Amino acid sequence: MKLLVVGGAGYIGSHTVRQLRAAGHDVVVLDNLSSGHPEALPPEVTLVKADLLDAEAVKAALNAHQPDAVIHFAALIEVGESMRAPGRYYRNNVLGSLNLLQAIVETRKIPLVFSSTAAVYGTTDAVPIPETATKQPESVYGETKWMTEQMIHAFGTAHGLPYTILRYFNVCGAAPGGTIGEAHANKTHLIELACLTALGQREKMMIFGDDYPTPDGTCIRDYVHVQDLADAHVLAVEALHGGGQVATTYNVGLGHGFSVREVLDAVDAVVGTPLTRELAPRRAGDPPRLVADANLIVKELGFSPKFTDLKEIVATAWEWHRTHPHGFDQ
Ligand code: UDP
């Protein structure tokens, strides 16, 4: 298959490009490089530098490269920033996706795989969270993803556009071998921050609250390895292309969670020295427990995550950060 990967130079996009190449697919990446890294792409992959807000450029890319399917990752992803600058998020994430959908139905009507998030659910009592749980996004970021899901659904119904939506839980880790990994300008994720603390780039790790109703009092998250998530995209796009898939929306997670303390213990064990920890107040908007019910993607797409051991997951992140302490800016 020939795939157009929109936002393919980012963290999850670049790992997916690697796994698509490993599965024998041709890849063209469209990315505005606002946060992506061209260095994260294999040399044989064509990179089209374009913004989804430039509708003509998106149509031109589809016409020029004639892909068999599109995988769409391009989005702004910071919850806190989305609350301070909602306009940027609605414009970039919703309007950008609308331009892409419009271009797809006007040019080729090819299948679409869309990158969504567990943030569409908000706080829910239904844990593990099934795909059918109520959608009550608590941030503008989550809202933009939920709005885009609904847009895709409407385009799918109106224009017969085949699509699959993948809702990710906590994505982490790096490709084994440490060649590519997480390199966001604004770092907020627990495992990345812990690795950078271990490298001495930060003084200590803050634990945001230890009075949650969980066994050790810290929040529990479902940490899915980025390479397993990338494989989920390969499965989804291949199933869509083969016309054999049933559901339209899948959670992607391990189906079980780890607490903040368990994650920090794993980092200590992998790094070999304990990080300084300090208890801090709860972070606004953190639900106590977010764990995927991932049975549907296992059953229907044969998703079979390889990274289920927390220390192994952390070890891949550590290998990347240890060998690339400043990300792609060496
Ligand atoms: N967390 C923490 N200290 C940090 C960063 C995160 O205690 O320095 C906690 C955070 O409050 C949440 C969990 O770690 O309970 C995972 O947070 P992360 O930002 O990695 O992902 P999120 O669940 O927000 O998508």
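The values are calculated or read from the model by the stated rules, or taken from the named source; none is laboratory data. What you see is a predicted model; the values in this text were computed from it and never measured. Glycine gets a Cβ as well: all are built from the backbone with ideal geometry, and neighbour counts include every protein chain shown.
Are any residues in segment 185-202 surrounded by fewer than 14 Cβ atoms within 10 Å (Cβ to Cβ), of a type in the set (Gly, Ala, Ser) and in contact (Cβ under 8 Å) with a residue 40 or more places away in the chain, and if so, which ones?
Within segment 185-202, just Ala185 meets the criteria.
Could you list, in sequence order, all residues of segment 275-324 that are touching a Lys or Arg at 6+ places or on another chain (Cβ under 9 Å), within 11 Å of the ligand (Cβ to nearest atom) and assigned to a strand (DSSP E or B)?
Hits for segment 275-324 are Arg277, Glu278, Arg289, Leu290.
Give me the residue from segment 203-225 that is in a loop (DSSP other than H, G, I, E, B) and surrounded by 16 or more Cβ atoms within 10 Å (Cβ to Cβ) and, out of that set, nearest to the ligand (Cβ to nearest atom).
Of everything passing the filter in segment 203-225, Cys219 is nearest to the ligand (Cβ to nearest atom).
Answer with yes or no whether Lys109 is surrounded by fewer than 16 Cβ atoms within 10 Å (Cβ to Cβ) and closer than 20 Å to Ala9 by Cβ.
Answer is no for this residue.
Any idea which of Gly87, Gly122, Gly96 is loosely packed, with under 15 Cβ neighbours inside 10 Å and either under 22 Å from the mean Cα position of the chain (by Cα) or part of a loop (DSSP other than H, G, I, E, B) (or both)?
Details: Gly122 fails: loosely packed, with under 15 Cβ neighbours inside 10 Å; Gly96 fails: loosely packed, with under 15 Cβ neighbours inside 10 Å.
The conditions single out Gly87.
Considering every residue within segment 169-177, establish whether at least one is farther than 24 Å from Leu20 by Cβ, within 14 Å of the ligand (Cβ to nearest atom), touching a residue at least 40 places away in the same chain (Cβ under 8 Å) and out of contact with any Lys or Arg (no Cβ under 7 Å at 6 or more places or on another chain). Let's see the steps before the verdict.
Of all residues in segment 169-177, those farther than 24 Å from Leu20 by Cβ come to none.
Within segment 169-177 (the criterion being farther than 24 Å from Leu20 by Cβ, within 14 Å of the ligand (Cβ to nearest atom), touching a residue at least 40 places away in the same chain (Cβ under 8 Å) and out of contact with any Lys or Arg (no Cβ under 7 Å at 6 or more places or on another chain)), the answer is no, since none of the residues qualifies.
Residue under question is Lys145, and the condition is that it be at pLDDT below 95 and of a type in the set (Lys, Arg); does it hold?
Judged against the criteria, Lys145 is not a match.
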